[in-house]
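Student: Structure incoming, see below.
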Amino acid sequence: MLRLHVESKSFRTAAGGVLPVLGQIDLTLGRREIVALVGPSGCGKTTLLRITGGLDPAFEGTLAWAAGVMPRIGTVFQEPRLLPWRTVWQNLLLAQRSANLKLASDLLRTLDLSGSRDAYPGTLSLGMARRGAIARAFAIEPDLVLLDEPFVSLDPEAARRGQALLLEAWRARPTAALLVTHDRAEAAALADRILLLGGTPTRVLEEVIVAARARRPAGEIS
């Protein structure tokens, strides 16, 4: 689906200097592949995610999409960012280009949110709100989903439940996905490949191939 080559990425400091963040990084992503970016806080994982999604073009390198066309991208931020004055159901429908009521209903059922369809985000637990954000990302029928630490700060049980429901939603509609996390166990549970990031500036220290799982439809990675 994409090939990204980062030669370097820097930010300007308040004093007018230059702060190198990313060094040379090469990233590829298959059409139905989940790749996890794992590294310590502040190493540039979210910056790399933003570059991949075309949200930060100010870097040295190249970003190439299959057939030269940017795909439809769904994003799950660290904070759910659901519109607080809209219900869960309305948040999903607003994200869609054209209303697909069956898809929205299926996603709520898959992510165990059917009972909260008419609830406002402020009445949801953080875990439920995060699942609502995942439903919204899949509601647009994306080619690529970007996940920026979608289960950060949840207790272990809520995080495991969220991971399982995310995989169920992915299994129903397989798509390319790039996951940012600092949790190696989470990465191993969700991803096909893990890129371990570190160094100064940040680079890929190691690539780990995760053993195939029953959740993966045969022949789905390309």
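The values are calculated or read from the model by the stated rules, or taken from the named source; none is laboratory data. Predicted model only: the values in this text are computed from it and were never measured. Ideal geometry is used to build each Cβ from the backbone, glycine not excepted, and the neighbour counts take in all protein chains shown.
Student: So which residues in region 47-72 are closer than 14 Å to residue 145 by Cα and hydroxyl-bearing (Ser, Thr, Tyr), if there are any at all?
Tutor: 52 - this is the single residue of region 47-72 that is closer than 14 Å to residue 145 by Cα and hydroxyl-bearing (Ser, Thr, Tyr).
Student: Of all residues in region 67-89, which are touching a strand residue (DSSP E or B) at 6+ places or on another chain (Cβ under 8 Å) and either surrounded by fewer than 13 Cβ atoms within 10 Å (Cβ to Cβ) or under 16 Å from residue 54 (Cα atoms) (or both)?
Tutor: Within region 67-89, 71, 72, 73, 74, 75, 76, 77 meet the criteria.
Student: Any residue in region 141-154 that is of a type in the set (Gly, Ala, Ser) and on the phi > 0 side of the Ramachandran plot?
Tutor: Checked against the condition, which is being of a type in the set (Gly, Ala, Ser) and on the phi > 0 side of the Ramachandran plot, region 141-154 yields at least one hit.
Student: List pairs: first residue in region 115-128 and in the same structural domain as residue 156 (by TED's automatic domain parsing) and within 16 Å of residue 81 (Cβ to Cβ), second residue crowded, with 16+ Cβ neighbours inside 10 Å and of a type in the set (Lys, Arg) anywhere in the structure, Cβ distance under 8 angstrom, at least six positions apart or on different chains.
Tutor: The qualifying pairs do not exist here.
Student: If you don't mind, another one. Taking the condition of being in contact (Cβ under 8 Å) with a residue 40 or more places away in the chain, in a loop (DSSP other than H, G, I, E, B) and farther than 28 Å from residue 124 by Cβ, how many residues in region 59-83 meet it? Talk me through it step by step, then tell me what you get.
Tutor: At the first step, the residues of region 59-83 found to be in contact (Cβ under 8 Å) with a residue 40 or more places away in the chain are 59-66, 71-78, 80-82.
After this cut, where a residue has to be in a loop (DSSP other than H, G, I, E, B) as well, the list is 59, 71-72, 77-78, 80-82.
Among the residues that remain, those that are also farther than 28 Å from residue 124 by Cβ are: 59, 71.
Counting residues in region 59-83 that are in contact (Cβ under 8 Å) with a residue 40 or more places away in the chain, in a loop (DSSP other than H, G, I, E, B) and farther than 28 Å from residue 124 by Cβ gives 2.
Student: Does region 12-32 contain at least one residue that is outside the structural domain of residue 135 (by TED's automatic domain parsing), under 13 Å from the mean Cα position of the chain (by Cα) and aliphatic (A, V, I, L, M)?
Tutor: Yes: region 12-32 contains one or more residues that are outside the structural domain of residue 135 (by TED's automatic domain parsing), under 13 Å from the mean Cα position of the chain (by Cα) and aliphatic (A, V, I, L, M).
Student: Counting just the residues of region 6-54 that are part of a strand (DSSP E or B) and among the β-branched types (Val, Ile, Thr), which one comes out surrounded by the fewest Cβ atoms within 10 Å (Cβ to Cβ)? I'd like the intermediate steps shown before the answer.
Tutor: Taking region 6-54 first, the residues part of a strand (DSSP E or B) are 6-12, 18-22, 25-29, 34-38.
Filter once more, so that each one left must be among the β-branched types (Val, Ile, Thr): 6, 18, 21, 25, 28, 34-35, 38.
Numbers: 6: 25, 18: 9, 21: 19, 25: 23, 28: 13, 34: 26, 35: 22, 38: 24.
Filtering region 6-54 for residues that are part of a strand (DSSP E or B) and among the β-branched types (Val, Ile, Thr), the one surrounded by the fewest Cβ atoms within 10 Å (Cβ to Cβ) comes out as 18.
Student: Restricting attention to region 120-174, which residues are buried (at least 20 other Cβ atoms within 10 Å of the Cβ) and of a type in the set (Lys, Arg)?
Tutor: Within region 120-174, 130, 131, 136 qualify.
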